[in-house]
1. List the chymotrypsin sites (Phe, Trp or Tyr not before Pro) within the range A:263-302 that DSSP assigns to loop and that have no more than 10 neighbouring Cβ atoms inside 10 Å.
2. Rounded, prolate or oblate: which fits the range B:418-461 when a ≥ b ≥ c are the square roots of the eigenvalues of the alpha-carbon gyration tensor, with rounded for a/c under 1.5 and prolate only if a/b beats b/c?
3. Which entries of A:Lys182/A:Lys219; B:Lys420/B:Lys545; B:Lys384/B:Lys545; B:Lys262/B:Lys384; B:Lys262/B:Lys358 show an alpha-carbon separation above 23 angstrom in the structure shown?
4. Once label points are set 7 Å from the Cα along Cα→Cβ at both B:Thr487 and A:Thr229, what is their separation, rounded to one decimal in nm?
5. Using a cut-off of 15 Å between beta-carbons, work out the net charge of the residues near A:Pro268 (Lys and Arg +1, Asp and Glu -1, A:Pro268 not included).
6. What nm distance separates the two modelled labels at B:Glu348 and B:Arg572, each placed 7 Å from Cα along Cα→Cβ?
7. Going through the range A:253-332, which GluC sites (Glu not before Pro) have at most 15 other Cβ atoms within 10 Å and a DSSP loop state?
8. Non-local amide H neighbours of B:Glu559 (under 5 Å, H modeled in plane, Pro and chain starts lacking H): which ones?
Amino acid sequence: MVVYGHAQPTTPWSPATGSLRPRLQSAVIPDDSTDTTVATVVGKPFSVIDEFNSWRKQPELAEAVAAIRALAAVIRNCEATTMMELEIELKKASDSLKSGDTTSISLTAGCDLFMRYVTRTSALEYEDFDSAKSRLIERAEKFGEISCKARRIIAMLSQDFIFDGCTILVHGFSRVVFEVLKTAAQSKKLFRVFCTEGRPDRSGLRLSNELAKLDVPVKLLIDSAVAYTMDEVDMVFVGADGVVESGGIINMMGTFQIALVAHSMNKPVYVAAESYKFARLYPLDQKDMVPALCPIDFGVPIPSKVEVETSARDYTPPQYLTLLFTDLGVLTPSVVSDELIQLYL
Amino acid sequence: MDPRRAPRTVSDPKVRKVGFFTDPPDRSLPGPPNHPISSFPTSPPSTVDNSPPSAGNSLSPVMIPPPRHSSSILSPLRRDPPEFFPLPASPTASTTFSDDVASTMKGRGVAAASSSLPGGLLFDIAASSVPASGLTTVSVVNNLPIEKGGGVAVEMQDDQSSRSKSLKEKTTKAERRALQEAQRAAKATAKAEDGKTPAAASGAAASVKSGKSVKPPPSQKNDSAALAALEKKAGDRPPEKDRKKEVPQPRMQFDDKSRVEKAKRRAVVKQTEARNRVELFRHLPQYERGTQRTELQSKFFELDPVHPAVYKVGLQYLYGDICGSNARCIAMLQAFQEAIKDYSTPSEKTLARDLTAKIGSYLSFLIECRPLSISMGNAIRFLKNRIAKLPLTLSELEAKATLRSDIDRFINEKIILADKVIVKHAVTKISDGDVLLTYGSPSAVEMVLLHAHELGKQFRVVVVDSRPKLEGQLLLHRLVGKGINCTYTHVNAISYIMHEVTRVFLGASSVLSNGTVYSKVGTACVAMVAHAFRVPVLVCCEAYKFHERVQLDSLCSNELGDPDVISKIHGREDINFLDGSTNSENLQLLNLIYDATPSDYISMIITDYGMVPPTSVPVIVRDYRREHLWI
């Protein structure tokens with residue numbers, strides 16, 4: 001599989017299309033013949049899906065960040081000569097990426113935000129197409145940078161909230177939360193972590209393994225034991241699949257339950273989420289979302305008459321959340337809508 | 001400060017005493033010491049004689065803390081003006097005016113003098129003896145039926161005089177007031193530049209005073225009264241000016257008698273205030289409805305300043321033919337469009353200023369028919385802004401065409417297209433099997449329901465209605481006509497029906513900056529019951545109705561409707577238990593039009609900017625008001 005030279009964040013690119021063309025054409029032929037997942041964008045030698053897949057090969061990269069990088073590559077490799085055409089191409093690429101996984105909120109949100117961020121610039125008024133295009137690429141790269149570095153920024157911001165001797169409850173395996181805990185452990189803070197099992201995908205077990213490798217004292221709980229242990233807990237840390245406009249979050253099934261228990265026992269609930277996860281959704285209740293199902297293995301056969309609730313996500317309303325740690329800073333839930341308004345309107 | 005406040009004694013349960021007041025406990029009927037005016041400045045110098053506070057004016061329940069100088073200095077001034085005030089409102093009540101021309105001339109002359117003095121609120125009080133407004137409508141006011149105006153003045157005087165009579169002797173009061181007036185006149189004399197003023201002032205003061213049928217003051221005290229007024233003004237002017245600069249013009253509070261009188265003098269339509277009013281809502285205007293209508297109809301051919309289109313809209317407001325903030329706003333803007341079309345700039349005047357003044361006069365007429373809603377206020381701000389921004393190089397025809405197209409664009413973008421966007425967002429929140437509840441007859445919600453029905457969604461609607469307007473019946477009629485399953489109930493059954501409801505859709509007259517929804521009375525009840533049942537509440541409101549005001553309760557700013565409709569039910573003449581008791585002292589009827597729903601009970605606000613939580617309203621007001629509203 002040909003790996004494009006775009007694996008690095010920034011590639012030297014010259015406005016003259018002459019220098020670009022040879023590279024594309026050399027890369028085109030092997031790609032079209034060997035790759036079965038041809039881009040849905042007909043007639044284009046450059047496939048955004050491939051780009052996306054290549055970015056996803058890096059294990060630490062979030063899905064949305066890979067999509068953002070892929071879209072940035074689309075702009076770079078675009079052969080359009082007018083701004084309108086460029087935007088249409090970008091929109092098509094974004095739609096094809098989103099259709100790959102319709103249940104992923106962060107992917108959708110990331111693509112939409114990228115589109116808005118990049119095209120919302122007065123550079124589009126320039127008469128010279130090339131300079132406008134270079135400006136777009138600049139913004140796209142910047143957005144990609146921010147998204148990549150988001151986790152580190154969030155980890156730094158949250159260090160003030162973890163004090164020596166505290167007990168943190170985490171739910172599910174969020175790479176952002178893991179980064180937060182890793183940074184805290186590396187700065188020699190003494191704390192212990194309660195990990196929920198995280199059925200049905202057992203993500204809690206994976207997280208506890210990772211934390212044990214960092215020499216952080218970890219205690220594993222089954223999901224039902226959260227209320228039992230909430231007295232000993234100082235704070236709850238969760239990640240988010242998406243942050244919605246009301247300030248609430250959509251996350252792995254069980255987050256709402258934990259937030260309710262924590263709220264009734266006056267424990268703070270902190271959410272670590274990158275800013276590209278801000279989505280223009282506004283669920284009114286649990287059923288108001290795009291359903292995402294995950295099959296559950298009970299270990300014993302279930303009779304067919306019995307229904308199983310297989311939803312993989314739930315929605316936590318903003319009144320149960322204390323603070324959001326994002327790369328834009330430490331925010332209260334009501335600020336999410338302000339940010340979205342400023343970006344979208 | 002007094003070391004210990006006098007114990008509170010309840011004299012009249014109707015009068016709620018709120019705030020600080022220093023009443024000596026040995027009075028027979030301790031009433032509020034003075035007649036508070038909200039922006040009352042520090043007390044005047046000591047030339048005013050000391051006299052114990054009288055309880056003559058227990059009209060306003062809300063007191064302000066008396067200043068550090070004793071309250072006694074304030075009281076005579078505060079007390080007497082109310083008796084004094086009814087006069088300027090009806091100068092024609094006096095029989096000594098030979099003709100109207102003379103009175104208007106005097107009014108104008110004095111107005112010239114008064115306008116030369118810096119405007120201050122206290123000045124209004126002090127110079128209440130002189131009509132402070134030199135507007136052309138003064139002559140119109142003078143043409144009004146004399147009996148009515150005089151009747152009102154006399155009645156009000158009777159109220160106050162009877163109350164004061166019961167508490168104090170007449171002579172001392174008359175003497176004190178005479179002294180006051182004399183001081184005021186002397187003040188006006190000392191301050192005025194030209195010599196015409198003292199004559200005019202004293203003349204007006206004398207004529208006004210002689211017009212008073214109850215207590216004729218001696219005319220030789222003019223000078224001292226003017227002097228007192230003058231000194232008081234001098235002391236008060238600097239704080240007034242500073243205050244006026246920082247603080248925005250407060251809304252008209254109708255328990256402030258001086259300003260009410262001033263407004264009455266300027267009024268195009270002569271209205272009689274309703275007499276039996278609830279104490280808590282004294283700060284809101286309430287007029288006798290019957291007199292309003294006959295007044296307006298009789299003056300149709302006399303109202304030159306008012307364009308016929310505006311007059312028609314005003315009458316429609318008065319009779320309640322146009323209801324709902326969108327409809328009212330559109331009607332008003334279209335009337336203004338007509339008025340602008342027929343407008344022609346008088347010579348030697350700029351279009352911008354003259355047109356703004358004309359719009360202002362139309363507005364005062366419309367306000368007298370029915371107080372403005374917040375959406376109308378925003379539209380007016382937009383219009384005035386557009387007028388002010390007209391380039392000077394435009395010819396009159398071009399300017400008028402520009403303005404008319406601006407108004408068209410405003411109506412189209414901010415109301416009609418905004419409604420379409422709201423409908424598009426809101427139907428995504430309606431799913432099959434929903435039971436939707438709505439209250440009253442909000443235009444935006446009706447469009448949402450009809451559109452969702454067209455899209456083929458299966459849902460049913462619960463329409464909640466309330467007296468006295470019963471607007472829900474119109475909505476019910478239209479929905480059933482389109483084939484939507486509906487349930488109809490009144491607001492007293494709201495907790496009974498709420499358990500089967502999945503979503504609540506409400507309309508709004510306005511959304512304020514702290515997320516409070518200001519809407520028809522009863523909306524707050526519905527929202528709170530929905531919240532208790534954990535049913536999401538969605539408010540559909542166009543963004544042009546947002547306002548940067550903050551309101552914490554439904555009392556400080558509201559509108560009072562006609563109280564008679566509460567006691568009577570249309571079509572059921574046999575229910576007449578309250579006939580005859582509407583004027584009794586123990587019964588006050590209250591018909592509130594609006595109420596304020598706190599933001600905690602609202603789940604989402606659907607605007608043309610999308611679906612936002614109530615906490616984001618100030619962001620929209622702050623960031624987009626400038627760009628988008630006043631393009």
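1. A:Phe298
2. oblate
3. Beyond 23 Å between Cα atoms: B:Lys262/B:Lys384.
4. 4.5 nm
5. So the surrounding residues net to -3.
6. Reported label-point gap for B:Glu348 and B:Arg572 is 6.4 nm.
7. Passing both the DSSP loop test and the Cβ count: A:Glu307, A:Glu309.
8. B:Ile593, B:Tyr594
Taken together, the values in this text are just the output of simple stated rules run on the coordinates, not laboratory data. Remember, predicted model here, so these are calculated numbers, not experimental data. Don't worry about glycine lacking a Cβ; one is built from the backbone with ideal geometry, like all the others, and counts go over all protein chains shown.
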